[in-house]
1. So Phe57 passes all but one of these: (1) within 17 Å of Ser133 (Cβ to Cβ); (2) among the aromatic types (Phe, Trp, Tyr); (3) free of Cβ contacts under 8 Å to residues at least 24 places away in the same chain. Which condition number does it fail?
2. How many residues, within the stretch 47-62, are in a loop (DSSP other than H, G, I, E, B) and surrounded by fewer than 20 Cβ atoms within 10 Å (Cβ to Cβ)?
3. Out of the residues in the stretch 82-115 that are assigned to a loop (DSSP other than H, G, I, E, B) and in contact (Cβ under 8 Å) with a residue 60 or more places away in the chain, state the one that is surrounded by the fewest Cβ atoms within 10 Å (Cβ to Cβ).
4. Taking the conditions exactly as written (aromatic (Phe, Trp, Tyr) and within 15 Å of the chain's Cα centre (by Cα)), does Phe140 satisfy them or not?
5. Please go through the stretch 116-161 and give me each residue that is out of contact with any helix residue (DSSP H, G or I) (no Cβ under 8 Å at 6 or more places or on another chain) and in a strand (DSSP E or B), ordered by number.
6. In the stretch 63-71, is there at least one residue being surrounded by 22 or more Cβ atoms within 10 Å (Cβ to Cβ) and not in a helix (DSSP H, G or I)?
7. Of all residues in the stretch 64-82, count the ones that are more than 10 Å from Ala155 (Cβ to Cβ) and in contact with a Lys or Arg (Cβ under 9 Å, 6 or more places away or on another chain).
8. Picking from Ala152, Ala120, which residue would you name as being in contact (Cβ under 8 Å) with a residue 24 or more places away in the chain, surrounded by fewer than 18 Cβ atoms within 10 Å (Cβ to Cβ) and within 17 Å of Val75 (Cβ to Cβ)?
Amino acid sequence: MRKICLICLLLLLLLLTACQRAQDPVVSEPVAAQYDANNSNPEFLNSEEFEALGLPFSEAVQVGNLLYLSGQIGVLPGTVDLVAGGVEAETRQTMENIKATVEGFGSSMDRVFKCTVFMADNAERSQINTIYSSYFPKNFPARSGVGSSGLALGARVEIECVASLPGDWKQRSERIQKRGSRRPFL
């Protein structure tokens, strides 16, 4: 019985010591400096055409060498008008909008590594997949597909993506800022 009490007391002491260390973390100065040097604040990116639409979100956000695109739907460039022709036409226009945004901010479709597809009707998945897959001839990004009961502007499909930027992304970002417009077109 005495051994059990001694073991419990020892475990309690170890637990208290661990809790104290968790409350007062010590980070060496070189590690903290290295973290700050590698950490990048978000940069909110909008082309002039996108800003003119007055929408309440950013076209894309760059954090480090990652480019996060807002969800895209099949609107005609520079407008909030859906392309006519149903889910296939909307998917094609959506992918063209994604391609223009990714390339306009310094990346490319082959650097897209994650997509989320929102569908108004899961029965249209095969039509969406046929067009979607044609934009990724080498490697398909990781992807989630979600059924939705209502997309913006009554769209049939919305796709959001994450892409990596090439190794010289800091220099590219500075060139884009100097140029003003971040996309060749919208």
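1. Result: Phe57 fails condition (1) only.
2. So the answer is 5.
3. Across the stretch 82-115, the extreme among qualifying residues is Gly106.
4. It is false that Phe140 is aromatic (Phe, Trp, Tyr) and within 15 Å of the chain's Cα centre (by Cα).
5. Selection gives Thr116, Phe118, Ala142, Arg143, Ser144, Val146, Glu160.
6. For the stretch 63-71, residues surrounded by 22 or more Cβ atoms within 10 Å (Cβ to Cβ) and not in a helix (DSSP H, G or I): present.
7. Counting residues in the stretch 64-82 that are more than 10 Å from Ala155 (Cβ to Cβ) and in contact with a Lys or Arg (Cβ under 9 Å, 6 or more places away or on another chain) gives 2.
8. Residue meeting the stated conditions: Ala152.
Rule-based calculations on the coordinates, nothing more; no lab input. Owing to the predicted nature of the structure, the values given are computational and were not obtained by experimental measurement. As a convention, Cβ positions derive from the backbone with ideal geometry for all residues, glycine included, and neighbour counts pool all protein chains shown.
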